[in-house]
Amino acid sequence: MAQARIMVIDDEKIVGDMAKMSLQQEGYAVETFLSAEPALKRLEEERFGVVVTDYKMKGIDGMEVLRTVKKQYPGTKVIMITAFANLDAAIEALRGDVHDFFPKPVKIKELKASIKRALEK
Amino acid sequence: MKIEKKLILSNIINGAFIILIGFFAFQNLNLVLTKLRFVEIADDLNASFLEMRLAEKNYFLYRDGQALVDIREKISAAERTLQEEKDNIVPAIGEADLQRLESLLRIYATTVAAVQRKGPPQLDQEERIRGAGRKLKEYADSITRLERKRVNEIIQNAKRILILSFWAILASALLIGHFISQKIVRSLRVIETMTRSISEGNFAQVANVRPRDELGTVIDAVNHMSEELAHREEQIIQSKKLASLGILTAGVAHEITNPLNNISMIAQTYDELYVNLGEQERIGLMRKVDAETERIRKIVMNLLDFSKPKDANPTEADINTVIQKTLTLVQNMIDVQNIGTVVRLEEGLSRLFIDEHQVQQVLVNLITNAVQAMSAGGRLFIASRPGKGGNSVEITVKDTGKGIQPEFLPHIFDPFFSTKGEGGTGLGLSVSYGIIKNHRGDIRVESKPGVGTTFTVELPIANGH
């Protein structure tokens, strides 16, 4: 199986760094971004299996990323993580066909399992 | 002494003075009356004496025996008058003059009686009679003249004293009136100043002015009220702070969740990849954990600091630092609402003499209001710059929100006035106003519906204090 590409967008640098360390261990190619704009640009060049994005970000936020990805790259799964454990946000994300939704603090094992499931589909 | 007592005392003194004057005038009138009665009697006596002398002259001219009888009759009449009117005469001229008059009359009577007895007089007898008669008449005349003069003097004197008293009483009444009204006006002025300063939110005591009269009592009452108000204001400030805290907590919780998540993810990665990590990597990760903990500590400290009730404690402070600290508390609340923030803090501003926490509370109130006015997103401008007069610093909090209706603008600093419906207590701006006024500063608002609102806070610089 070809190496799956995972993208992580979060304005907290440590989130990207830790996710990258863990996910690389699983054999994924991981790219991290601190904001949505360069991330969406990168998506135009490369196909990613999963995009993990923060919900609340300055500029383009997580919902916008979800909508853009679902519209332009329907094959790519989106996993959302958020510091707002907010039901409204979760419902909104589900309606936007989010693959999974994690409140912070994120359990890396669960995230990995979710990514694995996403790629299997 | 109390104003009331002073009034009563001065009235008593004035009244006593008037009674004294009246008594004096009454005495004078009595004296004048006595003297006048005497003058009347003296006129009668004088007339009798004149007739005696006429009869005497007739006797010496015509040797008429009847004339002597006439003289003796007149003498008896005069003696009777002196006896009968003794009570009226003595008070007027005194006992000595009366006795002298009587003795002169007696000498005259004896002389006339001797002539009558011994027949036609010798030349020396004639001389004696004439002499006694003349002396009697002259003496009576002189007494009468003197008494008339005295009556005149008494009346003149009384007139002078009455006029003087009139001026004295008038002056004293004017002085007392002036003094009392000055005192009352001064009292009212002190109270006016006190209440005005209280209504501006300045609850300082007026301890150095404490007269022991009604003014003192009123000042005590106002001071007491002021103390109570200060106490209430503290409570309102604290309750308002707790209300702001509710709003802040949601944002702060989110802000804590991020470093918490970072720590959690580092721990999980550390655990999972332990064997693969080099020593330097492990140390690097632990340092990150430490840094993230510090992040949380700062947020929590800020929040605790803000929530603690504090007495006003002005210190020298840099306003830009205060603004920055406040922003760490409100940043998340701003971000959540999709609001862009533009912060322009001018460098090198003069230091202020302020209570940092109270000013921070004002800023939180203003920023919270701005954010709530931009529910559909917008931009928040926060700026600091030197004030126009050169002895103050100006802070502006500007939003691009829905603005305030012009008819509400005059009321927005009133307590319990709110345009937020259920969401607002109507205390935020009134408390902010009180805090800024306590700092001898100023807070102003400009707003256009649909365009936005700008709050300007002006605080005096430290050496201006």
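Counting only residues that are closer than 22 Å to B:Glu126 by Cβ, give me the helices (runs of 4 or more DSSP H) lying completely in the range B:1-105 with at least 1 of them.
B:3-62, B:65-84
Tally the residues that are surrounded by fewer than 17 Cβ atoms within 10 Å (Cβ to Cβ) and within 14 Å of chain B (Cβ to nearest Cβ), restricting the search to the range A:93-119.
4
If I filter the range B:438-460 for residues that are of a type in the set (Lys, Arg), in the same structural domain as B:Thr315 (by TED's automatic domain parsing) and either modelled with pLDDT under 90 or touching a His at 6+ places or on another chain (Cβ under 8 Å) (or both), do I get at least one hit?
Yes: the range B:438-460 contains one or more residues that are of a type in the set (Lys, Arg), in the same structural domain as B:Thr315 (by TED's automatic domain parsing) and either modelled with pLDDT under 90 or touching a His at 6+ places or on another chain (Cβ under 8 Å) (or both).
I'm trying to understand the selection: among the residues of the range A:1-35, which are more than 14 Å from every other protein chain (Cβ to nearest Cβ) and more than 16 Å from B:Asn261 (Cα to Cα)?
A:Met1, A:Ala2, A:Gln3, A:Ala4, A:Arg5, A:Ile6, A:Met7, A:Tyr28, A:Ala29, A:Glu31, A:Phe33 - these are the residues of the range A:1-35 that are more than 14 Å from every other protein chain (Cβ to nearest Cβ) and more than 16 Å from B:Asn261 (Cα to Cα).
With respect to the numbered conditions (1) modelled with pLDDT of 90 or more; (2) out of contact with any Leu (no Cβ under 9 Å at 6 or more places or on another chain), which one is the sole condition not fulfilled by B:Ala370?
(2)
Where residues in the range B:151-195 are among the basic types (Lys, Arg) and either closer than 30 Å to B:Ile219 by Cβ or surrounded by 13 or more Cβ atoms within 10 Å (Cβ to Cβ) (or both), which of them is nearest to the chain's Cα centre (by Cα)?
B:Arg186
Give the residues of the range B:395-406 that are out of contact with any Phe, Trp or Tyr (no Cβ under 6 Å at 6 or more places or on another chain) and surrounded by 21 or more Cβ atoms within 10 Å (Cβ to Cβ), sorted by residue number.
Those that are out of contact with any Phe, Trp or Tyr (no Cβ under 6 Å at 6 or more places or on another chain) and surrounded by 21 or more Cβ atoms within 10 Å (Cβ to Cβ): B:Ile395, B:Asp399, B:Gly401.
For the range B:128-182, give me the residue count where each residue is under 17 Å from B:Ile13 (Cα atoms) and hydroxyl-bearing (Ser, Thr, Tyr).
Residues that pass the stated criteria total 2.
Could you check B:Val322 against (1) at pLDDT below 90; (2) more than 14 Å from chain A (Cβ to nearest Cβ) and say which number it fails?
(1)
So which residues in the range A:46-66 are at pLDDT 95 or above and surrounded by fewer than 16 Cβ atoms within 10 Å (Cβ to Cβ), if there are any at all?
Matches in the range A:46-66: none.
Against the conditions (1) among the acidic types (Asp, Glu); (2) at pLDDT 90 or above; (3) within 45 Å of the chain's Cα centre (by Cα), where does B:Glu407 fall short? Just the number, please.
(2)
Determine whether B:Glu255 is within 21 Å of B:Asp305 (Cα to Cα), away from chain A (no Cβ under 14 Å) and either in contact (Cβ under 8 Å) with a residue 60 or more places away in the chain or among the acidic types (Asp, Glu) (or both).
So B:Glu255 does not fit the description; no.
Let's see how each residue does on (1) among the small types (Gly, Ala, Ser); (2) in contact with a Ser or Thr (Cβ under 6 Å, 6 or more places away or on another chain); (3) not assigned by TED's automatic domain parsing to the domain that holds B:Leu45:
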position	(1), (2), (3)
B:Lys118	no, no, no
B:Asp124	no, no, no
B:Arg128	no, yes, no
B:Lys137	no, no, no
B:Arg148	no, no, no
B:Val151	no, no, no
B:Ile155	no, no, no
B:Ser165	yes, no, no
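What are the residues in the range B:274-295 that are away from chain A (no Cβ under 12 Å) and under 60 Å from the mean Cα position of the chain (by Cα), if any?
The one that is away from chain A (no Cβ under 12 Å) and under 60 Å from the mean Cα position of the chain (by Cα): B:Glu294.
The values are calculated or read from the model by the stated rules, or taken from the named source; none is laboratory data. Remember, it's a predicted structure, so these values are computed and weren't measured experimentally. Here the Cβ is made from the backbone with ideal geometry for all residues, glycine too, and neighbour counts use every protein chain on show.
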